[in-house]
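Written out below as structure tokens is the structure these notes cover.
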Amino acid sequence: MRLALFDLDNTLLGGDSDHAWGDYLCERGILDPIAYKQRNDAFYQDYLNGSLDMQAYLAFSMEILAASEPAQLEQWHREFMRDCIEPIILPKALALLQQHREAGDQLVIITATNRFVTAPIAHRLGVRVLLATECETQDGRYTGRSTDIPCFREGKVTRLARWMLENGFDLEDSYFYSDSLNDVPLLEVVANPVAVDPDPKLRAEAERRGWPVISLRR
């Protein structure tokens, strides 16, 4: 079975779920709307620039998970899905997922954003396999720390390789769709790399390498 791999943020979604989650918490007054938002925006800019310190960002963004009761987090996430994620689900992205589904491909979302934020989104998109940055739990609560290799840059390649070994897949005739320069390490190893509404640096790289460039927004 052929693999069809999809980045999530700014690829299948018309926005970034990780950054939007922070904005949602600030808008609700759950987190400081000035100090937290400034740091959240700065980390997001670092991500766009390809200079993100992933461990520093994870420590920052997962702090709220440790500070909150699981039931409260689930309630916030349901409202976040309704108010912030549903409006940025792209019809053309749903159509692309369906196209690969009908072709008999194995769909996988592979994202740097943590599993707490992304698991309900993957479920909403009908994609059962999610490789994401993992959140540590202890005694039924989040600890505020990540665990395993972050699913980011070269970490996506490492995490995917392990998953393929465990599940009997390879990259023959595989596809990977992404918007981000941060995903070049994975785009380089699949059979069919596709740049989706790419950032300027990925667009230049795709044009240099002759990778297809598509839009799911227009």
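Below, the figures for the structure above:
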read-out	value
Among (1) under 14 Å from the mean Cα position of the chain (by Cα); (2) of a type in the set (Phe, Trp, Tyr); (3) part of a loop (DSSP other than H, G, I, E, B), the one test that residue 176 misses	(3)
Region 146-160, residues that are open to solvent by 60 Å² or more (accessible area, probe 1.4 Å) and touching a helix residue (DSSP H, G or I) at 6+ places or on another chain (Cβ under 6 Å)	149, 153, 154
Residue 142, sole failed condition from (1) surrounded by fewer than 19 Cβ atoms within 10 Å (Cβ to Cβ); (2) not in a helix (DSSP H, G or I)	(1)
Check on residue 92, modelled with pLDDT under 95, surrounded by 12 or more Cβ atoms within 10 Å (Cβ to Cβ) and basic (Lys, Arg)	no
When residues of region 21-51 are limited to those that are open to solvent by 20 Å² or more (accessible area, probe 1.4 Å) and closer than 21 Å to residue 109 by Cα, the one farthest from the chain's Cα centre (by Cα)	50
Selection status of residue 102, at pLDDT 95 or above, more than 23 Å from residue 1 (Cβ to Cβ) and surrounded by fewer than 17 Cβ atoms within 10 Å (Cβ to Cβ)	no
Residue that is in contact with a Gly (Cβ under 8 Å, 6 or more places away or on another chain) and over 18 Å from residue 148 (Cβ atoms), where the choices are 92, 37	37
Criterion: in contact (Cβ under 8 Å) with a residue 24 or more places away in the chain, outside the structural domain of residue 19 (by the TED database), in a strand (DSSP E or B) and not polar (S, T, N, Q) - qualifying residue of 107, 202, 160	107
Residue list for region 53-87, filter: open to solvent by less than 30 Å² (accessible area, probe 1.4 Å) and assigned to a loop (DSSP other than H, G, I, E, B)	62, 68
Residue ID - most open to solvent (accessible area, probe 1.4 Å), chosen from residues in region 205-218 that are at pLDDT 95 or above and in a loop (DSSP other than H, G, I, E, B)	217
Filter result for residue 174 (touching a helix residue (DSSP H, G or I) at 6+ places or on another chain (Cβ under 9 Å), of a type in the set (Ser, Thr, Tyr), modelled with pLDDT of 95 or more and surrounded by 15 or more Cβ atoms within 10 Å (Cβ to Cβ))	no
Region 50-62 residues that are without any contact (Cβ under 8 Å) to a residue 12 or more places away in the chain and closer than 17 Å to residue 20 by Cα, paired with ones that are in a loop (DSSP other than H, G, I, E, B) and open to solvent by 40 Å² or more (accessible area, probe 1.4 Å) (beta carbon under 8 Å, 6 or more apart)	none
Within region 110-138, considering residues that are open to solvent by less than 10 Å² (accessible area, probe 1.4 Å) and assigned to a helix (DSSP H, G or I), the one farthest from residue 24 (Cα to Cα)	122
Verdict on residue 169 being assigned by the TED database to the domain that holds residue 1, more than 19 Å from residue 92 (Cβ to Cβ) and buried (at least 16 other Cβ atoms within 10 Å of the Cβ)	yes
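The values are calculated or read from the model by the stated rules, or taken from the named source; none is laboratory data. Keep in mind that what you see is a predicted model, and the values were worked out from it rather than measured. Virtual Cβ from ideal backbone geometry, glycine too; neighbours counted across all protein chains shown. Ligands, DNA and RNA are stripped out before the accessible areas are found, and what is left, the full protein with its side chains, is counted by its heavy atoms. Shrake-Rupley method; radii C 1.70, N 1.55, O 1.52, S 1.80 Å.
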